[in-house]
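Have a look at the structure below before the remarks.
The values are calculated or read from the model by the stated rules, or taken from the named source; none is laboratory data. All values derive from a computational prediction rather than experimental measurement. As a convention, Cβ positions derive from the backbone with ideal geometry for all residues, glycine included, and neighbour counts pool all protein chains shown. Please note that ligands, DNA and RNA were not included when accessible areas were found on the heavy atoms of the full protein model with its side chains. Shrake-Rupley method; radii C 1.70, N 1.55, O 1.52, S 1.80 Å.
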Amino acid sequence: MSQKKIIDLCSKKIDLNDDDIPIALNYFGRLEVRDWEELFFVAVKCLFMEFPDVINNLCSKDPTQNLFLRTTTIGMKHPRRIAPIIFLETKRTPLQIVQALKKIFLQAGVLNINMTIEVSAPPISKAEIEKIFSASVEPIKISEEKISEPPKKFPAKIKLPTFKENQSIEEMLAALDDVELPEKKNVAPSPEKTAESSTNSLTKKNSASNTNNFSVGSKDLEVPAFGRLYFVLKGERFGPYANEKSRYVELLKNLSELYPKEMLKCAGRHINSEHRLTLAHGENYLYFREPVMLPNNLFADKGFSDKVLQENEKYFLERCGLKFDSVIF
């Protein structure tokens, strides 16, 4: 069995080995990952939602510099897109990934952030187990003669196995597994033990029912503790989302697919109280603070406060013939 451990990214000393296997990223919920590259991408994507300006400042426009964030994929081995013009180099060692995440924390001025990594040590191979046994256990010497009488500590009904010289441990264990033990008599449990076991089972059921589970890609998600924002389109419910920006982006993506003509007409207009461009078509998004790619070559800027984002949502929904109160929850 492999041992699991939790790595706190805010701690000064981090116990991390190159052969450790990542299991999940804990950040406002538990996100399971397959490998270090996926963990790096998910972590930076989450941090981009919270600190977009920091990620933009860390981007390198020079492909000769060995940085993990760039505005181009030139010279990258395994690039992943964080934003329309931001790419992440995921081909890094576990220690380099942890150092890159800590660098983002430092640039953002965050001393304590609730982000941890679940890792497990690689399982011990069969060869290593045999090496440990051979180094710590002396070879067992047993004569080939059959044991005539069983030891006193064994019941007389048990037929002991026969061992031979130069026999491996696996063969000895297999021989022991073939031993037939006498059946135990069924003893009725006492009333006190029965009451205690029923109490424990009820406690476990109640604790399991009160737990909020969260897994990536599952359809039946229970409401997590970190977000209860939804929207409903065409009778389908979307969410929950951790913050207003996440819901805003997903809403615009769905509106661009369901109402492409109406959304294209909204591009290039100043629609909110900040009088700043919100939706653009083509390359007009270059001046956006936090650009997001939408269907039909549309780009949206999510770099607004929650109040302005709701103003934008109301405007787009009205242009698509929908009511704000019947969609946003």
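Ranked by accessible surface with a 1.4 Å probe, highest first, in what order do 244, 236 come?
From most accessible down to least: 236, 244.
Ignoring ligands, DNA and RNA, what percent of the accessible area of segment 1-49 is carbon or sulfur (1.4 Å)?
52 percent
Just add up the charged neighbours of residue 12: K/R +1, D/E -1, any other residue whose Cβ is under 15 Å from the Cβ of residue 12.
+1
Would you mind getting the accessible area per residue of segment 1-103, heavy atoms of the protein chains only, 1.4 Å probe, in Å²?
Result: 56 Å² of accessible area for each residue.
Roughly speaking, what is the stretch gain from residue 6 to residue 243, that is 0.36 nm per residue apart minus the C-alpha to C-alpha distance, in nm to one decimal?
Value of the extension gain: 82.7 nm.
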